[in-house]
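The values are calculated or read from the model by the stated rules, or taken from the named source; none is laboratory data. Just so it is clear, the model here is predicted, and its values are computed rather than measured. Ideal geometry is used to build each Cβ from the backbone, glycine not excepted, and the neighbour counts take in all protein chains shown.
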Amino acid sequence: MKSKLKKFAVIAQRDNVLEPGKEIYHQIKGKWNTDYFKNDHPITAEFACGRGEYSIHLAQLFPERNYVGVDVKGDRLWKGSSIAVEQNITNVAFLRTQILMIEAFFVEAELDEIWLTFPDPRHRKRDVKRRLTNSRFLDMYKKILKPEGVFRFKTDNTPLFDYTIEELQSRNDIKELEVTYDLYHSPLRAECFDIKTRFEEMFTAKGEIIKYLRFKFKHE
């Protein structure tokens with residue numbers, strides 16, 4: 001507990017973590033480029049980012065883009081925030097919120113890309129609507145993604161992956177869907193840049209096979 005409190009105290013003082021209590025937290029919607037990054041670069045958001053490994057590595061690979069790691073756990077965001085500070089990575093920020101509230105922080109068509117990396121599979125039937133690939137969440141992602149924006153999803157969890165494909169196939173607004181049940185032996189591997197989160201490393205060490213898909217939304 002003391003360790004968590006120390007981390008909370010640290011991120012409370014950091015400009016690269018937007019969380020409740022900070023003025024910019026309530027004003028950032030629609031202003032990520034103008035008020036935070038202060039440029040007009042494309043924005044990628046990583047949802048359920050955990051410690052922010054994907055956001056950090058992508059920000060390093062593509063300095064001409066902006067990245068926002070989103071998670072509700074402040075002690076996890078502390079890790080990504082710390083790496084960004086230590087390595088002077090200025091094109092990444094971290095947003096502390098539940099994904100259910102994401103429309104409070106991004107306006108329509110503000111994002112160029114979304115990554116969803118190893119979210120909680122929510123195994124219980126009563127939690128189906130809380131799965132981050134449930135259609136109510138997909139509707140949110142569609143609103144905040146630009147018309148040709150890309151959605152990318154990685155998981156080790158086969159039931160969640162199957163569920164996600166079923167959700168996508170039940171919709172009439174999905175295009176350019178690409179799917180692999182074995183990312184490391186797929187041509188799609190290159191577009192994931194061999195970035196591995198802590199969870200991915202844990203799962204692969206246990207013999208789990210990583211699944212991945214990407215798609216775009218159709219817009220009328």
**Prompt:** Taking the condition crowded, with 20+ Cβ neighbours inside 10 Å and either modelled with pLDDT under 95 or among the charged types (D, E, K, R) (or both), does F118 pass?
**Reply:** yes
**Asked** Residue check, C49 against (1) more than 17 Å from K196 (Cβ to Cβ); (2) outside any helix (DSSP H, G or I), all met but one. Which one?
**Response** (1)
**Prompt:** Filtering region 167-196 down to residues that are touching a Ser or Thr at 6+ places or on another chain (Cβ under 6 Å) and polar (S, T, N, Q), which residue is nearest to K146 (Cα to Cα)?
**Reply:** T180
**Request:** Could you please give the count of residues in region 78-99 that are within 17 Å of D139 (Cα to Cα) and surrounded by fewer than 14 Cβ atoms within 10 Å (Cβ to Cβ)?
**Result:** 1
**Message:** Can you list residue pairs whose Cβ atoms sit under 8 Å apart, with the first residue in region 152-171 being farther than 18 Å from E113 by Cβ and the second being part of a helix (DSSP H, G or I) and hydroxyl-bearing (S, T, Y)? Count only pairs 6 or more apart in sequence or on different chains.
**Reply:** D156/T204; E167/S135; S170/S135; R171/S135
**Asked** Exactly one of (1) assigned to a strand (DSSP E or B); (2) more than 20 Å from P20 (Cβ to Cβ); (3) out of contact with any Asp or Glu (no Cβ under 6 Å at 6 or more places or on another chain) is unmet by F94. Its number?
**Response** (2)
**Item:** Looking only at region 44-61, and only at residues there that are buried (at least 24 other Cβ atoms within 10 Å of the Cβ) and among the polar types (S, T, N, Q), the one that is nearest to R76 (Cα to Cα)
**Value:** S55
**Message:** For region 164-196: of the residues being over 18 Å from the mean Cα position of the chain (by Cα) and in a loop (DSSP other than H, G, I, E, B), which is surrounded by the most Cβ atoms within 10 Å (Cβ to Cβ)?
**Reply:** S186
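Each row is one residue, and each column tells you yes or no for (1) over 21 Å from Y141 (Cβ atoms); (2) free of Cβ contacts under 8 Å to residues at least 12 places away in the same chain; (3) β-branched (V, I, T).
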residue	(1), (2), (3)
I11	yes, no, yes
E19	yes, no, no
Y36	no, no, no
P42	no, no, no
**Message:** For region 197-220, which positions are outside any helix (DSSP H, G or I), among the hydrophobic types (A, V, I, L, M, F, W, C) and over 17 Å from I114 (Cβ atoms)?
**Reply:** I209, I210
**Complete:** From the option list G74, G50, G30, single residue qualifying as on the phi > 0 side of the Ramachandran plot and in contact with a helix residue (DSSP H, G or I) (Cβ under 7 Å, 6 or more places away or on another chain) is G50
**Prompt:** Quick one: how many residues across region 68-77 are surrounded by fewer than 23 Cβ atoms within 10 Å (Cβ to Cβ) and either of a type in the set (S, T, N, Q) or closer than 11 Å to F8 by Cβ (or both)?
**Reply:** 3
**Asked** Quick one: is E148 under 25 Å from F105 (Cα atoms), part of a loop (DSSP other than H, G, I, E, B) and of a type outside the set (V, I, T)?
**Response** no
**Asked** List, please: which pairs have Cβ atoms under 8 Å, are six or more places apart or on different chains, and start with a residue in region 128-148 that is in contact (Cβ under 8 Å) with a residue 24 or more places away in the chain and on the phi < 0 side of the Ramachandran plot and end with one that is basic (K, R) and assigned to a strand (DSSP E or B)?
**Response** E148/K216
**Prompt:** Quick check, is K29 more than 13 Å from the chain's Cα centre (by Cα), surrounded by fewer than 18 Cβ atoms within 10 Å (Cβ to Cβ), modelled with pLDDT of 95 or more and within 26 Å of D120 (Cβ to Cβ)?
**Reply:** yes
